[in-house]
Ligand code: FES
């Protein structure tokens, strides 16, 4: 191997190792990434397994064909809330924040865990859906 080729391959390995060392740090800086569960709609209802809440109190559900997700949160009293992550200002998709609320990247509105506005320009709270549970599933009632 020629000296130039050796140096080039060695530098590439060093860059990969350096990037690998810093990636976990960088990913910790941004908002937590949540897996979105896509669920079929049956009789204006979607179901998700209750077991998912063992890993995280927040589950994001996207009814099949919808543009927006629903944030389902298990509260400390073991009840649940289901909020449509559609900004009430101009309909932008909201994202969960590190403090447990939701934020809009378009004009900066923020909402708390119950869907109330904590910072405008949005003025109305998020749409909330009724929820029931059975022994294994949580059911979100889309028409209420
Ligand atoms: S669309 Fe969300 S703040 Fe404007």
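A count restricted to the range 112-123 and to residues that are within 11 Å of the ligand (Cβ to nearest atom) and either at pLDDT below 95 or in a loop (DSSP other than H, G, I, E, B) (or both) stands at 4. When 82, 71 are checked against the criterion of being in a strand (DSSP E or B), more than 16 Å from the ligand (Cβ to nearest atom) and closer than 26 Å to residue 107 by Cβ, a single residue qualifies: 82.
So that you can scan it fast, the table gives a plain yes or no per residue for (1) within 17 Å of residue 45 (Cβ to Cβ); (2) exposed (fewer than 14 other Cβ atoms within 10 Å of the Cβ):
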{"residue": "69", "(1), (2)": "yes, no"}
{"residue": "78", "(1), (2)": "no, yes"}
{"residue": "83", "(1), (2)": "yes, no"}
{"residue": "91", "(1), (2)": "no, yes"}
{"residue": "96", "(1), (2)": "no, no"}
{"residue": "117", "(1), (2)": "no, no"}
{"residue": "136", "(1), (2)": "yes, yes"}
{"residue": "139", "(1), (2)": "yes, no"}
{"residue": "142", "(1), (2)": "yes, no"}
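Scanning the range 98-113 for residues that are loosely packed, with under 14 Cβ neighbours inside 10 Å and within 23 Å of residue 52 (Cα to Cα) gives 98, 99, 100. Answer yes or no: is there a residue in the range 95-111 that is under 11 Å from residue 68 (Cβ atoms) and either modelled with pLDDT of 95 or more or within 13 Å of the ligand (Cβ to nearest atom) (or both). Within the range 95-111 (the criterion being under 11 Å from residue 68 (Cβ atoms) and either modelled with pLDDT of 95 or more or within 13 Å of the ligand (Cβ to nearest atom) (or both)), the answer is no, since none of the residues qualifies.
The values are calculated or read from the model by the stated rules, or taken from the named source; none is laboratory data. Here the structure is a predicted model, which means the values were calculated and not measured. Please note: Cβ atoms are built from the backbone with ideal geometry, for glycine as well, and neighbour counts cover all protein chains shown.
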